[in-house]
Structure formats: C-alpha cells, structure tokens
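Participant: My questions all concern the structure below.
The values are calculated or read from the model by the stated rules, or taken from the named source; none is laboratory data. Please read these numbers as outputs of a predicted model, since none were measured by experiment. Positions of Cβ are generated from backbone atoms using ideal geometry, with glycine treated the same way; all protein chains shown enter the neighbour counts. Protein only, heavy atoms only, side chains kept; ligands, DNA and RNA dropped before computing areas. Shrake-Rupley method; radii C 1.70, N 1.55, O 1.52, S 1.80 Å.
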Amino acid sequence: MKIYNTLTQRKEDFSPLESGKVRIYVCGITVYDYCHLGHARMLLAFDVVVRYLRARGYEVTYVRNITDIDDKILARAEANGELFTEVTSRFIEEMHKDELALSIQRPDYEPRATQYIEPIISMIQTLIEKDCAYKADNGDVYYAVMQFEEYGKLSKKHLEELLEGARIEVGELKRDPRDFVLWKSSPDGGVGWDSPWGYGRPGWHIECSAMATCVLGKTFDIHGGGSDLMFPHHENEIAQSEAANGCVFANLWMHNGPLRVDDEKMAKSLGNFFTIREVLNRHHPEVIRHLLVASHYRSPINYSEQGLQQSVRAMERLYLCLKNLDLANAKTLTNSAFEKAFMTAMDDDFNTPVAFGVLFDIVSEINRIRKQNVDRANQLGALLVRLGDTLGVLQGKPEDFLKRQGDESVNTAEIDRLVAARDLARASKDWVRADEIRVRLSEMNVALEDSPSGSTWRIQS
C-alpha cells in the first residue's frame, strides 16, 4: 500500500508505527457557522481514507479535532449577544447533522481545544524553557521561528522568502515578523484562562499540537487536512511539536485538494458560496458523495451543475443495476478479480476514480449475465454493495434513491397514489384511464417499470 507524503513529495510504502494499527489526526472545523462544501470535501476525503484502512484490516484510531475558541467564534458570539459556548455548541450539533446526512462516520475522538488548556499551557512552557518561545511585554507568547532549523520543510518555504512581505501587526510585540503567537493575552477581562504569563487564551496552531500529542502520542502515523492548512498551520504544528517533544511529530502528511465552484474560488462575495445543507436540499447525499469522492483526494474539484448531473447519472446507473437483485440471499463472493482490482486502486494512494471504475465494471458484468446466471448476478450485486460501503455509497434501497434523489420538491405520496390508480386501471383493463395516468406521470418526470406484480417508478435524470 502506497500513500503520497506531502513532506517528502512522493508516494511511500505505508508502514504504521505499530503493526496492524494506524493512528491518524485530521484538522477539523472551526465551529462558528454552518459547514460549507469545502468542509465537505475534507470530511469526505478522510472518511474514505479511514473506511478503507479499516476494510484493509487495520485497527484505526481516528482523531479529528474541533476548534471551539477563535477570533471568529468570539466575534459571532458578540454579534449575537450570546456566550461563545452557545455558538460552538449549536454549530457542533449542526456539523454532526451534516455529517450524518452525508454518511460521514464520526471520528473515534473529537477533542475540543477548550478541553485541553492545561496541556496547551504545559507545551508552551516547555517551548519557553527550551528557548524556542518567549513572552512579550504585552503578555503574548510567541514561537521563535529562527530557533527551529527545519522550519519550512513541509511547505518547502525558505525563511528568507518568508521574511519578504512579513510584518508586525498593530499591538504585536514580536522579535521577528515571522514569529507566531502561542498565547494571546486578554487584558480586557474577556474570554480566557489563567496561565503563567497572565490571563489569555491559546493561539490556533498550538491547540492542534497539544491535542494530537495528548490523544495519539508524541509521534503518530498520519496527519491530514486541507491543502490550505499546509502553511502556516501545519508548518507551525511541526515546529512546535518537534521542538517541544524532541521527536518526529507525524510520519506521513496527507492533504486533500481544494474545491472550486464553476471554476472559481468559493466565496460569499462572488455569490457562489454553498453550505452543505443548501446543497442537500437539492441533491441526494450520495450524489454529493460521488461528486466529491470520485475525484482523487489530492486533485482540485470543480463543483458545477454539469458535474452534479454526471454524478446523478453515475449513481442512478449503480442503483438501477442493484434493483431487483436478491442480495439478502446471495453467497459471499471472495477473492474475485473485481475485488482485487478495487484494492489495487485503493492501495495506490486511495485512487477512488479507478475504484469507482471497478464498480462500473461490475455493473456491466451484472447486466451481461443477469438473465442467464441469476445466482452469479446476485453475488456480484452483493460485492458491489460491499465495495461501495468502502466509498460510503450504495447502502440505501435502490427504490428510495431512484424515487427521490434528495429532491424535496418530489411529491412521493402523490406519485405513489397515481401509480396505484394506474395499476388498478390496468387490472380492470381500463386502458384509456391507465394511459392518461401514464402521460401525467411522464409530465412529472416519472419513469415507470411494469411487472406482473405491479409497477415501480423512479425520477428520470
């Protein structure tokens, strides 16, 4: 199994620190608003990584943190006239709803920054004692970048390059403009905690270093997150953690690619900013999963109506294939060429485009043999569902997907009533009435499939 390591910029044979066990930390959400599509891209990318590692037989400890103290959170709380804890609690709950809707599995641990204040303070104190950090006259504590010789090894940025354009903001008392804050003083008595340097709160970067170390140890297998976090966040995590602990922080670094909307950066100012729930109001969750997972996790993704329609057709083809198969009584198919091809793809840095291609190869084979070899078709259908689970798809009933595809405007009760009325008309040989209902259903974009036991329907893509 090979995984691309951002640190070395090449694919490497994956060998966990402890045989059969994988410890992975992913930078999570800052909870001051609803999750957006960019968050979904990250959440889904690492959901698939963890699903496959577990399918591969690894015992995975998956940690994804929550940033629950931050300038944006405090600004939102002040604007709303509420406690910052009320803001974070509300949006953590909403984040979990979005994850559930997209079939994103919860991490094993979901540490919150405010739960780790003491370990954060302890790590900062260690850095000060090692002369890697210093307290400024205003009570802030800064990390001294020049004290860490390997600074820039992840992002491949040079210290001289970082000095260009770096500046000291108003109120900052850095010794070097490249230094970054570990502890922010709160002299006005705002939100904060007592520390050896006075009342204040932690900087963003030190939170992840402390949480990851506390939950997974000083060195763990994989650290992940969005490519936008590579610098400065992940670079700073490495500097802090390795200076404080005296050892490698993470053996392997993974970063998912960015998401664009209609070939532009997603931004509220451009009017192309979408929350997860806004998109789910218009499209089935598995359509969104396909769009964001069928591309390789390191590649940029373009969210567009054309791409969504391609994902609709892809998922429709998969579910149409599963329709009318007897999966419950199918014998387990093991060691098949299809499963080997699927694993070969996923073993190659989680190559989901090729893995999805294998699923469609199975569909083609099922459709080819469906009539002459029913048992084999059922076995392949069960395999399709099992492999689909690794990608987080095909776990619902085909008829449910084909009927609605997440479109809230579809009146399923009315369609069911019309289909039942048409079945009754056909049984009574009232062909005129049956044809009238068929035309009406066609106008509603409903496709019918008649059988001796009655009619089934689906929304046409």
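Participant: Kindly provide the set of residues from the stretch 428-447 that are farther than 13 Å from E414 by Cβ, open to solvent by less than 80 Å² (accessible area, probe 1.4 Å) and hydrophobic (A, V, I, L, M, F, W, C), ordered by number.
Facilitator: Answer for the stretch 428-447, where residues must be farther than 13 Å from E414 by Cβ, open to solvent by less than 80 Å² (accessible area, probe 1.4 Å) and hydrophobic (A, V, I, L, M, F, W, C): A434, V439, A447.
Participant: In addition: Select from the stretch 134-149 the residues that are among the aromatic types (F, W, Y) and assigned to a loop (DSSP other than H, G, I, E, B) and list them in ascending order.
Facilitator: F148
Participant: Here is a further query. Can you tell me which residue within the stretch 76-110, out of those that are in a helix (DSSP H, G or I), hydrophobic (A, V, I, L, M, F, W, C) and under 20 Å from A40 (Cα atoms), is most open to solvent (accessible area, probe 1.4 Å)?
Facilitator: L100
Participant: Please work out if I73 is closer than 28 Å to R178 by Cβ, open to solvent by less than 80 Å² (accessible area, probe 1.4 Å), part of a helix (DSSP H, G or I) and in contact with a Leu (Cβ under 8 Å, 6 or more places away or on another chain).
Facilitator: no
Participant: I've got another one for you. Please work out if D361 is open to solvent by 40 Å² or more (accessible area, probe 1.4 Å) and touching a residue at least 40 places away in the same chain (Cβ under 8 Å).
Facilitator: Considered against the rule, which asks whether it is open to solvent by 40 Å² or more (accessible area, probe 1.4 Å) and touching a residue at least 40 places away in the same chain (Cβ under 8 Å), D361 comes out as no.
Participant: May I ask you to list the residues in the stretch 296-323 that are open to solvent by less than 20 Å² (accessible area, probe 1.4 Å), over 18 Å from H39 (Cα atoms) and in contact (Cβ under 8 Å) with a residue 40 or more places away in the chain?
Facilitator: V312, A314, M315, E316, L318, Y319, C321, L322
Participant: Now for a different question. In the set L325, L308, which member is within 29 Å of the chain's Cα centre (by Cα) and either of a type in the set (A, V, I, L, M) or modelled with pLDDT under 90 (or both)?
Facilitator: Unique residue meeting the criteria: L308.
Participant: Here is a list of conditions, (1) over 21 Å from L100 (Cβ atoms); (2) touching a Gly at 6+ places or on another chain (Cβ under 9 Å); (3) not hydroxyl-bearing (S, T, Y), and N329 meets all of them except one; can you say which number that is?
Facilitator: (2)
Participant: Give the residue that is most open to solvent (accessible area, probe 1.4 Å), with candidates limited to residues of the stretch 256-295 that are touching a Gly at 6+ places or on another chain (Cβ under 9 Å) and more than 20 Å from V312 (Cα to Cα).
Facilitator: Within the stretch 256-295, the match that is most open to solvent (accessible area, probe 1.4 Å) is P258.
Participant: Out of L53, L44, L17, L37, which single residue is open to solvent by 40 Å² or more (accessible area, probe 1.4 Å) and of a type in the set (A, V, I, L, M)?
Facilitator: Going through L53, L44, L17, L37 in turn, just one is open to solvent by 40 Å² or more (accessible area, probe 1.4 Å) and of a type in the set (A, V, I, L, M): L17.
Participant: The conditions are (1) modelled with pLDDT under 80; (2) closer than 30 Å to K331 by Cβ; (3) surrounded by 14 or more Cβ atoms within 10 Å (Cβ to Cβ); (4) not charged (D, E, K, R), and G388 fails exactly one of them. Which is it?
Facilitator: (1)
Participant: Considering only the stretch 121-155, how many residues are touching a residue at least 40 places away in the same chain (Cβ under 8 Å) and within 24 Å of H255 (Cα to Cα)?
Facilitator: 8
Participant: Which one of these is of a type in the set (G, A, S), closer than 24 Å to L280 by Cβ and touching a Phe, Trp or Tyr at 6+ places or on another chain (Cβ under 9 Å): A75, A45?
Facilitator: Step by step, each of A75, A45 is checked, and only A45 is of a type in the set (G, A, S), closer than 24 Å to L280 by Cβ and touching a Phe, Trp or Tyr at 6+ places or on another chain (Cβ under 9 Å).
Participant: List every residue pair whose Cβ atoms lie under 6 Å apart, where the two residues are 6 or more positions apart in sequence or sit on different chains, the first residue falls within the stretch 188-203 and is within 19 Å of L127 (Cα to Cα), and the second residue, located anywhere, is among the hydroxyl-bearing types (S, T, Y) and part of a loop (DSSP other than H, G, I, E, B).
Facilitator: From the stretch 188-203, the pairs are Y199/S186; G200/S186.
The rows are residues; the columns are (1) open to solvent by 80 Å² or more (accessible area, probe 1.4 Å); (2) touching a helix residue (DSSP H, G or I) at 6+ places or on another chain (Cβ under 8 Å).
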| residue | (1), (2) |
| --- | --- |
| L325 | no, yes |
| A328 | yes, no |
| N351 | no, yes |
| N373 | no, no |
